[in-house]
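Working notes for the structure below.
The values are calculated or read from the model by the stated rules, or taken from the named source; none is laboratory data. This structure is a prediction, so every number in the text was calculated from the model and none was measured. Cβ placement follows ideal geometry from the backbone for every residue including glycine, while neighbour counts extend to all protein chains displayed. These accessible areas exclude ligands, DNA and RNA; they are computed on the full protein's heavy atoms, side chains included. Shrake-Rupley method; radii C 1.70, N 1.55, O 1.52, S 1.80 Å.
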Amino acid sequence: LTTVDAQGNIRDIVIDRSFIDLASGERWIIDYKTGQPAQGESLEVFAARQCATHIDQLRLYRDAVRAVETAPLRCALFFTALGLLHPVPELDLPASEADTRP
């Protein structure tokens, strides 16, 4: 996607994976990451650390999708080496008011 921020800066972005969950109607935006926990680091601490590092990137993706779609949005990181999907609920957005579905 190509997006323009509030200052008029144009950015091309590449979303790793996006799909609509047919059961819920939610669009998921998934960003793949290859990192692994440091020795002795728990999955919870690792996921939280990675989330803090990449939340602005996911927010950019979410906002770009919101500009062209009204479905509820959810974001997550997927750690490929671990097969772990880590939702980032603080970025969730409900359907926008422009959504007229019943």
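Can you give me the angle between helix 43-66 and the longest principal axis of the chain, using Cα atoms only, in degrees from 0 to 90, rounded to the nearest 10?
The two axes meet at around 20 degrees.
Where in the stretch 25-48 does the amide nitrogen come within less than 20 Å of the point 7 Å from the Cα of residue 81, taken along Cα to Cβ?
31-48
Taking a ≥ b ≥ c as the square roots of the Cα gyration tensor eigenvalues, with a/c under 1.5 meaning rounded and otherwise prolate when a/b beats b/c, else oblate, which class fits the stretch 1-75?
Values: a/c = 2.70, a/b = 1.46, b/c = 1.85.
Oblate, because a/c is 1.5 or more while a/b does not exceed b/c.
With a 1.4 Å probe and every protein chain left in place, work out the accessible area per residue of the chain in Å², rounded to a whole number. Kindly include the intermediate steps, with their values, before the conclusion.
Values: 6400 Å² over 102 residues.
So the chain comes to 63 Å² accessible per residue, rounded to a whole number.
List every residue whose amide H lies under 5 Å from the amide H of residue 84, counting only residues 5 or more places away in sequence or on a different chain, with H placed 1.01 Å from N in the peptide plane.
HN-HN under 5 Å from residue 84: 79.
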